[in-house]
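The values are calculated or read from the model by the stated rules, or taken from the named source; none is laboratory data. No experiment lies behind these values; they were computed from the predicted model shown. Because the Cβ atoms are built from the backbone with ideal geometry, glycine has one as well, and the counts that use them run over all protein chains shown. Keep in mind that these areas ignore ligands, DNA and RNA; they rest on the heavy atoms of the full protein, side chains included. Shrake-Rupley method; radii C 1.70, N 1.55, O 1.52, S 1.80 Å.
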Amino acid sequence: MHRKLQEISVKVESINKDELSDIGNQVKKLQLMAEGVEESARLIMLTSVMNELDEVVGNK
């Protein structure tokens with residue numbers, strides 16, 4: 001009986017490690033996506049500022 005409990009415990013630990021690994025991988029992907037969104041936002045803002053500067057310079 002005790003041996004069976006040990007086997008079950010090992011299996012549960014193994015499943016938990018796999019699940020944690022999957023969660024860790026998903027978190028990494030989300031972090032990369034967030035960085036990509038942040039970089040896109042920076043580029044959009046920079047483009048907007050450059051367009052405004054072009055208008056100001058062009059109007060002089």
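Okay, here's what the table says:
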item	result
Accessible surface, the chain, averaged per residue in Å² (probe 1.4 Å)	97
Cα-based helix-to-principal-axis angle, 2-59 vs the chain, degrees rounded to 10	0
Gyration tensor (Cα) of region 1-56, equivalent ellipsoid semi-axes in angstrom	54, 4, 4
Gain in span if fully extended, M50 to L5, counting 0.36 nm per residue against the direct Cα distance	9.5 nm
Accessible surface of region 1-54 [probe 1.4 Å, protein heavy atoms]: carbon and sulfur percent	64
Only Lys, Arg (+1) and Asp, Glu (-1) charged, at Cβ; the chain dipole about Cα centre in debye	460
Nonlocal Lys pairs with alpha-carbon distance under 28 Å, the chain (8 or more apart, or different chains)	5
Residue-span extension gain [S40 to D22] - 0.36 nm each, minus C-alpha spacing	3.8 nm
